[in-house]
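Scroll down for the structure; my scribbles are underneath it.
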Amino acid sequence: MSNTLTFADLARACYRALLGREPENEQVVQDRAAAGLSPEAMMQSFINSDEFRKHTSEQAIHDYLMLNNTYDHLDIEVDVPPETLRKMFERIKGEWAALGETEPYWSVLTSDAFRSENIQQHLDDFFQSGQTNINWMQNIARRNGVELGKRQTCFELGCGVGRLTLPLSEVFDHVTAYDISPGNLRECEALIKAKRRENITTRLMTDIEDIRQAPDFDVLFSIIVLQHNPPPVQKFILDILLDKINPGGVAYFQIPTFIPDYNFSVTAYLDDAAREMEMHAVPMHQVLKLLKLKGFELREVLQDQFTGMPGSHSFLAVKSG
């Protein structure tokens, strides 16, 4: 160390810059200085501490949530003619057909642990995460005075490989599960057969109009699904499904309503040849307007972490009956 910066000075600087506070007293500063660590090792000792992790996590969450307040306009097109909807759906269908053949589990939860070469070692974690998500739904419903359970039928939009389908089948009398990916649906159907679940019906969506053929049901369930569709497709599907819910029924679904620096132009989207997992948002006011139009009482809007970005929300609403 030079004469202008002592180890004690460095310790004080670490407390202030890394932990965001003053040291408890001079003794802890002197103890740090006398520990015999190099400057790099001293800084690393602060970074490795539980206090640093907690401090940075809280700051990150604060900054993350505050992003929602920095935009006064969302340039997102949501209304298009039927032929444009069909073109968008065909594009999404192609993307998910490829994902279902190559990475069915990773396409559901994008962690390297769930890639094809790793999934067998992590299957328990994968499916346990599904039970956790169902527990969340039940907790949100209970605290809002909403009963979910037997004597109700459930429609699951985007069943994937069955991560949520099986626990849903334990909650409800019957589950109708739709998906767009043939590969993912094969995995789901194999799981249903292996577990001998007889209260699940599956269907592959091959056309956007297939959603109109869904049966009436009591509970809509969909998380981390709508977000992968362009805003007009999200709105169209949600519009149809809300009509299918029986009077007194429940809608529980997740949609990003804001993504930093996101906009959506129909022309630009259709002209873009990129083919990768997509992430899209529908403005909050559009979702709330649709729920009101369909006769739903909104019970809770919860900002969630499903996208790993600010602006994703889970909605719980009850249909008038």
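Seen from every direction in turn and averaged, the convex hull around the alpha carbons of region 7-160 projects onto 17.7 nm².
Footprinting exposure proxy ranking of Ser111, Ser312, Ser116, fewest other C-beta atoms within 10 angstrom first, gives Ser116, Ser111, Ser312.
For region 82-319, the spread of Cα coordinates along the three principal axes comes to 47, 44, 33 Å, biggest extent given first. Counting charges near Leu291 (Lys, Arg +1; Asp, Glu -1) among other residues having Cβ under 10 Å from its Cβ returns a value of +3. Among the listed pairs Lys195/Lys292; Lys87/Lys193; Lys93/Lys193; Lys195/Lys294; Lys195/Lys235, which have their C-alpha atoms separated by more than 30 angstrom in this model? Violating the 30 Å limit, Cα to Cα: Lys195/Lys292; Lys87/Lys193; Lys195/Lys294; Lys195/Lys235. Exposure proxy shown here: for His174, His313, the number of other Cβ atoms within 10 Å sets the order, fewest to most, as His174, His313. Among the GluC sites (Glu not before Pro) within region 165-245, those in coil by DSSP and having at most 14 neighbouring Cβ atoms inside 10 Å are Glu198. Placing pseudo-labels 7 Å out from each Cα toward the beta carbon at Asn144 and Ala190 gives an inter-label distance of 3.6 nm. Sparse packing (at most 13 other Cβ atoms within 10 Å of the Cβ) combined with a DSSP loop state is found for the following GluC sites (Glu not before Pro) in region 112-157: Glu117, Glu147.
Straight-line reach from Lys319: taking Cα to Cα under 19 Å and skipping same-chain neighbours fewer than 8 places apart, the aspartates and glutamates in range are Glu147, Glu156, Asp216, Asp218, Asp239, Asp243, Glu297, Glu300. Ordered by the number of other Cβ atoms lying within 10 Å of each residue's own Cβ, fewest first, Cys159, Cys154 fall into the sequence Cys154, Cys159.
Taking the centroid of alpha carbons for each part, region 229-297 and region 162-200 are 24 Å apart. The stretch between Val28 and Asp243, if pulled fully straight at 0.36 nm per residue, gains 71.0 nm over its current Cα-Cα span.
Using the Cβ-Cβ distance between Asp72 and Gln213 with R0 set to 45 Å, the FRET efficiency from 1/(1 + (r/R0)^6) comes to roughly 0.65.
Relative contact order for the chain: 16 percent, from Cα pairs under 8 Å spaced at least 6 residues apart, divided by residue count.
Each reported figure results from applying straightforward, stated rules to the coordinates on display, with no laboratory input. Predicted model, so just to flag it, every value in this text is computed and none were measured. Cβ: placed from backbone, ideal geometry, glycine included. Neighbour counts: every protein chain shown.
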